[in-house]
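The values are calculated or read from the model by the stated rules, or taken from the named source; none is laboratory data. Not measured: the values here are computed from a predicted model. Note that we place each Cβ from the backbone using ideal geometry, even for glycine, and neighbour counts take in every protein chain shown.
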Amino acid sequence: DPLNSLKRHLGLKVTAENFSCLFCHYLLLLGQVNNLNHCLKTGVHYIPFAFTDYYAHHVVLAEPLSGVMTAGKVVRFRLKSDGAQKMMITQHSKPVAHLLLQSGYFTGDVTLVPGEAGVFANYGTGNSYAGLLNYQVE
């Protein structure tokens, strides 16, 4: 079953909360949708908005899959990208966390405030960071 293979590969448990997001990622891998932004919302869970650099750098997003997060709760970020040297999470145009490279994935636990949160990566281009993902924090 390809969906179970994806879950095992990313190390995820399927729950009612993440199933629709996992399914969107599965459709992307199968080529059934052009990008994550084409997946439709289901229930109250959305996928994160993906910028052009997300696709250009072949990002693999393990978590969080939902594009809407609750403010004040700890959120684990875990993703990898071809050629990324550094990754950070920003809010209100300021870095709030730098993700650490662990077992091939940039990983970190972050508590966010209401607004938007972005994931940015540095690809060895000085101090320049590329926008990868955007989340809503409510």
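Here are some notes:
- Residue check, VAL119 modelled with pLDDT of 95 or more and among the hydrophobic types (A, V, I, L, M, F, W, C): yes
- Residue in region 31-52 that is over 30 Å from ASN127 (Cβ atoms), aliphatic (A, V, I, L, M), at pLDDT below 90 and under 15 Å from the mean Cα position of the chain (by Cα) present: no
- Residue in region 80-94 that is modelled with pLDDT under 90 and not hydroxyl-bearing (Ser, Thr, Tyr) present: yes
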